Amino acid sequence: MPTSTQPQPSSDPHPAHPAPLRLQAAPPAADDDLIDRGIAEWRHARPDIDSSGKRIVGRLIRLEEIVLKPINHALRSHGLTYFEYAVLATLRVAPEPAGLAPRYLLSRLLCSSGGLSNLLKRLEKRGLVQRAADPADGRGVRVRLTAAGRALADRAMPDHARVEQQLVAMLSAEERDTLAQLLNRVLVGNAPHLRLAALEGRKSGPAP
């Protein structure tokens, strides 16, 4: 009598209910995420559409929320949102003692002109920035930090930089350089006016 507990092959060459043939799915890639699954669904439902752009664009859109959440959390202790902080930090590192023209300031920020105007009003009301006539153009305006704005920027900048480092900690120095260059090509390739505005702002000195 056999003592093995292993199942024995069936003596019926034609079982009544043969097991269906199943193709084993490939294990998901290490970086499989919501975007990969979404692209797979698109390809299944609309194979006539090239949805490969979502591999990049979809992740950029998703990353906005993922990145801004910890940044805003770190800046909350300073009483700032990211965009308020961005204005202060950009002015803080600007080499021009008279401040920056709103147009050049806008070229460094991710907000609309209307959004920038509202930001400046709020920051000015809090005594963090001031607007004055442009010494090089009487019809223009320059924005600069007050002493309180400079002090607040100096306190917040290390916390912001720390969060940025944490967000890219999984990348090597070489990978960071490569990603930065590729993202720059995408950014300038779709918004060439940003490069022109930055070059114009450098005429009076090095970029902030």
If you take the residues in region 72-84 that are more than 20 Å from Leu106 (Cβ to Cβ) and not basic (Lys, Arg), which one is nearest to the chain's Cα centre (by Cα)? Asn72
Could you list, in sequence order, the residues of region 136-145 that are within 29 Å of the chain's Cα centre (by Cα) and surrounded by fewer than 16 Cβ atoms within 10 Å (Cβ to Cβ)? none
Got a number for residues in region 26-80 being modelled with pLDDT under 90 and not in a helix (DSSP H, G or I)? 8
What about Leu88, is it in contact with a helix residue (DSSP H, G or I) (Cβ under 7 Å, 6 or more places away or on another chain), within 30 Å of Ile39 (Cβ to Cβ) and assigned to a helix (DSSP H, G or I)? no
Just to be sure before I move on: is Thr90 β-branched (Val, Ile, Thr), touching a residue at least 60 places away in the same chain (Cβ under 8 Å) and within 20 Å of Val163 (Cβ to Cβ) in the structure I sent? yes
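The values are calculated or read from the model by the stated rules, or taken from the named source; none is laboratory data. Please read these numbers as outputs of a predicted model, since none were measured by experiment. Cβ atoms come from the backbone with ideal geometry, glycine included; neighbour counts cover every protein chain shown.
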